Amino acid sequence: MLRRMFAFAAIAYLAVSASLAARSQVPGSAPPARDSSAARPSMPPPGSPGANPPAMRAAMAPPDSFAAERDSLMNDVLEKIAGRENAPAESVFKNIRLLKGVPAGRLPRIMNFGFGRSLGVRCRHCHVEGHWDAEDKPQKQIARDMSEMLHTINTELLPKVKNLKSEHPTVNCTTCHRGAVKPALNL
């Protein structure tokens, strides 16, 4: 269980890190330098006319239009649990099945940054607003099942892949979803 918690924390950390890195780039500035051997001379530079042909635009993640709403709800929940942020999530919230042992103050952040941002959804995609413990929506169990899938990939399958350059390769929700409910199947 502890290993699953750390794997999930790593997933949430990667999702937040990727999001922060994307937001830190100044609009209109050049993207980070790439390996010149990977450059395609036939493609126009990013940001120039024709840089994102229609087929490519369809594969790109939509902007996260629900971030402000999620942030507001997250802050409301954090306000309600003030003083109990370091207690285990299951002692503060009802119906915690997946993230037992995680500090309660981290749970709303994991939901917002790890799940909400990775799928580009509102909290009510999986939850009944104000009744966070309700099991009324199948998406909540789907998220649990997908988290179990990630755990299996990260702990059992990826370590068996030879010649990976990363010491601790990890996949997370963003790896496939890229900010959209439907996973990106082709780029």
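Pairs only if they're at least six apart or on different chains, beta carbon under 7 angstrom, first in region 124-149 and closer than 23 Å to residue 75 by Cβ, second acidic (Asp, Glu) and exposed (fewer than 13 other Cβ atoms within 10 Å of the Cβ); list them, first residue then second.
Pairs that qualify, where the first residue is closer than 23 Å to residue 75 by Cβ and the partner is acidic (Asp, Glu) and exposed (fewer than 13 other Cβ atoms within 10 Å of the Cβ), are 128/136.
Of (1) among the hydroxyl-bearing types (Ser, Thr, Tyr); (2) touching a Leu at 6+ places or on another chain (Cβ under 7 Å); (3) under 24 Å from residue 95 (Cβ atoms), residue 152 satisfies all except one. Which?
Failing condition for residue 152: (2).
Mind counting the residues in region 93-151 that are crowded, with 17+ Cβ neighbours inside 10 Å, part of a loop (DSSP other than H, G, I, E, B) and of a type in the set (A, V, I, L, M)?
6
Restricting the first residue to region 72-91 and requiring it to be under 11 Å from residue 109 (Cα atoms), which pairs with a second residue that is surrounded by 11 or more Cβ atoms within 10 Å (Cβ to Cβ) meet a Cβ separation below 6 Å and a spacing of at least six or different chains?
Close Cβ pairs (under 6 Å, with a partner that is surrounded by 11 or more Cβ atoms within 10 Å (Cβ to Cβ)) amount to 73/123; 74/108; 74/112; 77/108; 78/108.
Taken together, the values in this text are just the output of simple stated rules run on the coordinates, not laboratory data. Model, not experiment: these values are computed from the prediction. Please note: Cβ atoms are built from the backbone with ideal geometry, for glycine as well, and neighbour counts cover all protein chains shown.
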